[in-house]
Amino acid sequence: MDKFFEENRREIIELEKMLTSHIAIAPEGGGDGETEKCNALEAWLKSKGFTNIERYEAPDSRVSSGSRPSLVVTIPGKDDSSRIWVMAHLDVVPTGDLKLWDSDPWTVVEKDGKLYGRGVEDDQQGLCSAAFAGLYYIKNGLTPAHTVKLLFVADEENGSRYGILWLIKNQNLFTKKDLILIPDGGDPEGKTIEIAEKNILWLAVHVQGKQTHGSRPDSGANACLAACDLSLRLHNLEKIFNKKDELFEPAYSTFQPTKRSKNVDSINIIPGEDTFCMDCRILPCYHLTDVLVEVDKCCRAVEQEYGVKVEYTTPQKSESPATPVTAPVAQKLAAAIKKVHNIDAKFIGIGGGTVGAELRREGIDAVVWSTLDDQAHQPNEYCIVDNLIKDAKTLIELFRE
């Protein structure tokens, strides 16, 4: 195995360079989707000897190609009753302020064992490690213990409507016996395996009062004052949904005020409207329906006290069960990590959201793991080449069992 990666180290770097040069930003970020990048990847896979490649196109009229592509590469195994999936995403986020970059984000720079460029870690590290783990089996004429499916999916960065959600709804790809690994999160040691996520609830709250002069609060209804009170009441729901779970950091549910919209243009105007947002990350032992009952109670209480009208929407609302520690995918991955990294894996939960939640909701066990420095979405994003290779070796071990 070591010889294979010594011989192919340059090929791995060249694949990262090629993928980065094909910009794959969603329309939400001002881009034209993943088609160009997907075409280049598909051509590369075929040139390396992968023959079983399927392409799925989710219609999207906003991009020039008219669709958002995902690829499935199959390596037949000795047993097809349960398949091992490795799911990485094709799309990347925009660069942000170019002045914060030390080089062109779309041209990979090699320096001190690192590759710098947009997407090299998120999620091309996972994509390349999966591709080269598969290539190891192809080039050596080996058959994995179970059929391996490499899924390179669209639209992960903007909600997966044209990616995994579309595939789940429109294609019969997965079974509940399948084992799914998502190499899109982790730590510098490659130690943590994410098996659970907090439920996510975003609130966009609009308070309608009555605008008036700053000197006459008695003649109006101060929407800003009511909104401030309401945001504190919603924050204090942490005291109601107060269980702890040490799987997560922090170990408790969080209800945090975040974004606030502009209300009035002058200090001496009492606003008649105010809009604020909440980002709530809630332990999976709670159901969001129960949380929203308490949210409604807070809204009604503020309406009564301040003489305002409160309405809210939920821009994001997601809950999913955890993958059990005893699930085959969790245990097989932990064994592979032990063999390659010589460390004992640690099972964790996270506050952020991944596509793993979508699969867990379908009753399919999924885990998130990689060895990385958490460079996602940052300027001067980088990938450590040795980490990519180590992850590929771990996947090779996972495919053996």
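Give Arg300, Arg281 a once-over and let me know the one that is basic (Lys, Arg) and in a helix (DSSP H, G or I).
Arg300
Being under 19 Å from Tyr56 (Cβ atoms) and either more than 19 Å from the chain's Cα centre (by Cα) or not assigned by TED's automatic domain parsing to the domain that holds Gln124 (or both) is the filter; apply it to segment 20-35 and report the residue that is surrounded by the fewest Cβ atoms within 10 Å (Cβ to Cβ). Spell out the reasoning first.
Applying the first criterion (under 19 Å from Tyr56 (Cβ atoms)) to segment 20-35 yields 22, 24, 26-27, 32-35.
Those still in the list that are either more than 19 Å from the chain's Cα centre (by Cα) or not assigned by TED's automatic domain parsing to the domain that holds Gln124 (or both) too: 22, 32, 35.
Working: His22: 18, Asp32: 15, Thr35: 21.
Within segment 20-35, the match that is surrounded by the fewest Cβ atoms within 10 Å (Cβ to Cβ) is Asp32.
When the residues of segment 141-158 are filtered to those that are surrounded by fewer than 18 Cβ atoms within 10 Å (Cβ to Cβ) and in contact (Cβ under 8 Å) with a residue 12 or more places away in the chain, which remaining residue is nearest to Val73 (Cα to Cα)?
Going through the qualifying residues, I end up with Thr143.
Can you tell me which of (1) surrounded by fewer than 15 Cβ atoms within 10 Å (Cβ to Cβ); (2) under 30 Å from Glu157 (Cβ atoms); (3) in contact (Cβ under 8 Å) with a residue 12 or more places away in the chain; (4) of a type in the set (S, T, N, Q) is the one Thr254 doesn't meet?
Just one mismatch for Thr254, condition (1).
Kindly indicate whether Leu234 is in contact with a Pro (Cβ under 9 Å, 6 or more places away or on another chain), farther than 19 Å from Ser320 by Cα and outside any loop (DSSP other than H, G, I, E, B).
Yes, satisfied.
Among the residues of segment 36-56, is any touching a Lys or Arg at 6+ places or on another chain (Cβ under 6 Å) and under 21 Å from Leu388 (Cβ atoms)?
Scanning segment 36-56, I find no residue that is touching a Lys or Arg at 6+ places or on another chain (Cβ under 6 Å) and under 21 Å from Leu388 (Cβ atoms), so the answer is no.
In segment 357-395, how many residues are assigned to a loop (DSSP other than H, G, I, E, B), touching a strand residue (DSSP E or B) at 6+ places or on another chain (Cβ under 9 Å) and at pLDDT below 90?
Qualifying residue count, segment 357-395: 2.
Which of the residues that make up segment 81-90 are modelled with pLDDT of 95 or more, of a type outside the set (Phe, Trp, Tyr) and either under 19 Å from the mean Cα position of the chain (by Cα) or surrounded by fewer than 24 Cβ atoms within 10 Å (Cβ to Cβ) (or both)?
Within segment 81-90, the subset modelled with pLDDT of 95 or more is 83-90.
Narrowing the set further to residues that are of a type outside the set (Phe, Trp, Tyr) leaves 83-84, 86-90.
Arg83, Val86, Met87, Ala88, His89, Leu90, listed by residue number.
Quick check: is even one residue across segment 115-127 assigned by TED's automatic domain parsing to the domain that holds Ile364, among the aliphatic types (A, V, I, L, M) and assigned to a loop (DSSP other than H, G, I, E, B)?
Checked against the condition, which is being assigned by TED's automatic domain parsing to the domain that holds Ile364, among the aliphatic types (A, V, I, L, M) and assigned to a loop (DSSP other than H, G, I, E, B), segment 115-127 yields at least one hit.
Please go through (1) within 15 Å of the chain's Cα centre (by Cα); (2) over 14 Å from Leu181 (Cβ atoms); (3) not polar (S, T, N, Q) for Ala322 and return the number of the only condition it doesn't satisfy.
(1)
Residues are listed down the side, and each one gets a yes or a no for (1) more than 21 Å from the chain's Cα centre (by Cα); (2) surrounded by 13 or more Cβ atoms within 10 Å (Cβ to Cβ):
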| position | (1), (2) |
| --- | --- |
| Arg260 | yes, yes |
| Arg281 | no, yes |
| Glu294 | yes, yes |
| Arg300 | yes, no |
| Thr326 | yes, no |
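Based on what the data block shows, is Lys99 assigned to a helix (DSSP H, G or I) and more than 29 Å from Lys139 (Cβ to Cβ)? If you could, list the steps in order and put the result at the bottom.
On the way: assigned to a helix (DSSP H, G or I): yes; more than 29 Å from Lys139 (Cβ to Cβ): yes.
Taking the combined requirement at face value, the residue satisfies it.
Taking segment 102-114 on its own, how many of its residues are in contact with a helix residue (DSSP H, G or I) (Cβ under 9 Å, 6 or more places away or on another chain) and either part of a strand (DSSP E or B) or among the small types (Gly, Ala, Ser) (or both)?
Here is the first cut: in segment 102-114, the residues in contact with a helix residue (DSSP H, G or I) (Cβ under 9 Å, 6 or more places away or on another chain) are 104-108, 110, 113-114.
Adding the requirement that they be either part of a strand (DSSP E or B) or among the small types (Gly, Ala, Ser) (or both) leaves 110, 113-114.
Looking only at that region, the number is 3.
If we scan segment 225-246, do we find a residue that is within 30 Å of Thr192 (Cβ to Cβ) and in contact (Cβ under 8 Å) with a residue 60 or more places away in the chain? Before you say what the answer is, go through the steps one by one.
Here is the first cut: in segment 225-246, the ones within 30 Å of Thr192 (Cβ to Cβ) are 235, 237-246.
The next check asks that each one be in contact (Cβ under 8 Å) with a residue 60 or more places away in the chain; those that pass are 237, 245.
Checked against the condition, which is being within 30 Å of Thr192 (Cβ to Cβ) and in contact (Cβ under 8 Å) with a residue 60 or more places away in the chain, segment 225-246 yields at least one hit.
Please state which one of Thr323, Thr354, Thr313 is farther than 16 Å from Ala88 by Cα, in contact with a strand residue (DSSP E or B) (Cβ under 7 Å, 6 or more places away or on another chain) and assigned to a loop (DSSP other than H, G, I, E, B).
The conditions single out Thr323.
What strands (runs of 3 or more DSSP E) completely inside segment 39-92 contain at least 1 residues that are under 23 Å from Leu333 (Cβ atoms) and aromatic (Phe, Trp, Tyr)?
79-89
Please work out which one of (1) in a loop (DSSP other than H, G, I, E, B); (2) surrounded by 12 or more Cβ atoms within 10 Å (Cβ to Cβ) is the condition Ser215 fails and give its number.
So Ser215 meets the others, but not (2).
The values are calculated or read from the model by the stated rules, or taken from the named source; none is laboratory data. Here the structure is a predicted model, which means the values were calculated and not measured. Methodologically, a virtual Cβ is constructed for each residue, glycine included, from the backbone with ideal geometry; neighbour enumeration extends over all protein chains shown.
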